[in-house]
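J.: Okay, handing you the structure first.
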Amino acid sequence: MAVALILAGPVSVMSTVGATPVAESQSVSVTENVDVWERSPLTLRTTSEGPTTIVAPRTFINVESAATGDLPLNKRTATIHERNESINMSFEPRIGAGTRALAGDEAQLLAVKLDEAPTTEGANTSDIPGSLGDVLANNSNITSSELLDDAEGVGAISDEGELNASYTPESGGVYAFALVTVDSGEEGLSVSDGNVSVNGNVTVVGVEQAVVQDNASTVEPTQNPVNPGDNVTLDVATEIGDENVTHAVVLVKQGELQQQSSTVTVSGELNESFSQDQITVENSFDNVSGVATVDDNISIAGVNLSTNQSIPAIGVQGLFGTVVSEAESDADGEVIHASATVVSADSDANVTVETLDSWPNGAYQYVHVAVGTESGTINSDTGTVAISPGGGPDNGGSPGNGGGPPDNAGGPNNTADDDEDEEE
C-alpha cells in the first residue's frame, strides 16, 4: 500500500474515462532510464485469493494538487498468498487510468522480494517507491529479483490495453511487482545475480504488492463460543523452527469491514520534498471498538505496529495497523468491533485477544500471522469464533477454524465492484 501512495503522483483530471498516452508530463523519472507513470498505482492488481483472506473496506485516493476527486484503488481483500502457488495479476483500464494507448507495447514484469515492506516514513519522490528507485539502481536491501517477459508469457499489451501475468514465489515474504513497458532498446530490463539492469528506456505502468506465506499455521480457539468481554484464546501451532516468533492476531466482527471505506488524501505539491506528512487517511467509521495489545518495537511483515499507522485498512499490514493504532475500549459513534494482539513468543503458543462487554453477538473472524524473528518465515491461518452471552448458540452463523474467508464474510465475489472498473 505504501508503494502505491508514494507512486500516486498527480493523476490528471479526466472528464471521461478513456485511454491517455504516457506523456512526459504524466511521469516521474526515478533513474536516467526509468520513468514511473503517475497512474501506475491504479492499473495492476492481483486476482488470486490466497489461503488467508479477509474483506477490506473500499479504498480511494485523492490527490489534491491534481483535483482528482476520489479514485478507487480496486483492492477489496487483504490476502496472504501461498509459496509455490501462482499469484495471478491483471493489468487493465481503471477509473482514472485508461491504458488502451499502451496497446502493442512490449511489457515486462519485475518481481522483487523485499527484506521488509516499504513504508511512507521519510519517503520522497527521489526514492520512489520507498525502494523502487533503489532497486533499479541496485542500491537496496532486497532478497531477490526476477524478471518475467516473453518466455514467461508476459508479452505485448493487448488492443484493449490489458495484460495478464502470473508469478509463482518459491518462498514466503513481502513481494513488490512493477510492470514496465519497453520504450527503447531491445532488452529493456534484465536481471543477473539479483541485480537489475536497464538497456534502453522503460516506463513503470503498474505496481502491486503481495504477502506470501511459507506454510499454514494451525489455529484452534480453546473455547468457542465465548461471552462478550471474555478473552479469546487461540492455540497456535506453526511450522516455524526453534526460534522466537512474532504472533499477530486481529479479531473483527464478520461483515463489518466490507461496509466501510477509507480515503487517502495526498496534499501539497508532489516534488522532491514530498513527505509522509502530506498523507492523511479518513475512514467512514469513527473508531475501532476493541483492545490492542502490542509488545514494544515489534513488527509484522516489515511494518512496526508499535507506532501509529497513517495507512488505510487494506492489505494485511494496513488492517493490523488500523486496529492497533485506533482500538479504544470506550469508542463510540460508528465503530468497527475489532481487537488485535501482537506478541513475541515461541513458535507454538497460546495467543490471547481481548473482547469488550459491549461487543454485539455474532461471528468474528480472526487472522493469525506468525513471522520467524531470524528466518523471516511466514505462517498464517484464519477462521471464526462466536461471541454469545452464556456461551450459547451463535445467531451470526456457524463458527469454523479452517483457512480461507468465512462464507458469510461477504467476500469480493458478492461485493459489487463493477463501478470501480473503467467503462469504455
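Read-outs throughout are calculated quantities, based only on the coordinates presented, and are distinct from any laboratory measurement. Values in this document were obtained by computation on a predicted structure and should not be read as measured data.
J.: List every residue whose amide H lies under 5 Å from the amide H of residue 61, counting only residues 5 or more places away in sequence or on a different chain, with H placed 1.01 Å from N in the peptide plane.
T.: 71, 73, 264
J.: Please list, in order along segment 49-64, the HN-Hα scalar couplings obtained from phi with the Karplus expression 6.51 cos²θ - 1.76 cosθ + 1.60 (θ = phi - 60°), rounded to whole Hz, x for Gly and Pro.
T.: Listing the rounded values in order: 9, x, x, 10, 9, 9, 5, 10, x, 5, 10, 10, 10, 10, 9, 5 Hz.
J.: Oh, and also: Spelling out what I want: for every residue of segment 337-350, take phi, set θ = phi - 60°, compute 6.51 cos²θ - 1.76 cosθ + 1.60 (Karplus), and round to whole Hz; glycine and proline get x.
T.: Result, rounded to whole Hz: 8, 7, 9, 9, 10, 10, 9, 9, 7, 5, 5, 10, 7, 8.
J.: I'd like the Karplus ³J(HN,Hα) series for segment 215-220: coefficients 6.51, -1.76, 1.60, θ = phi - 60°, whole numbers in Hz, and an x wherever there's a Gly or Pro.
T.: 8, 8, 7, 10, 10, 10
J.: Let me ask something else about it. Please list, ordered by chain and number, the residues whose modelled amide H lies under 5 Å from the amide H of residue 255; skip anything fewer than 5 residues away on the same chain.
T.: Under 5 Å from the amide H of residue 255: no residue qualifies.
J.: Taking amide H atoms as placed 1.01 Å from N in the peptide plane, list the residues 5 or more away in sequence, or in a different chain, whose amide H sits under 5 Å from that of residue 94.
T.: Here the answer is 99, 422, since their amide H atoms fall under 5 Å of that of residue 94.
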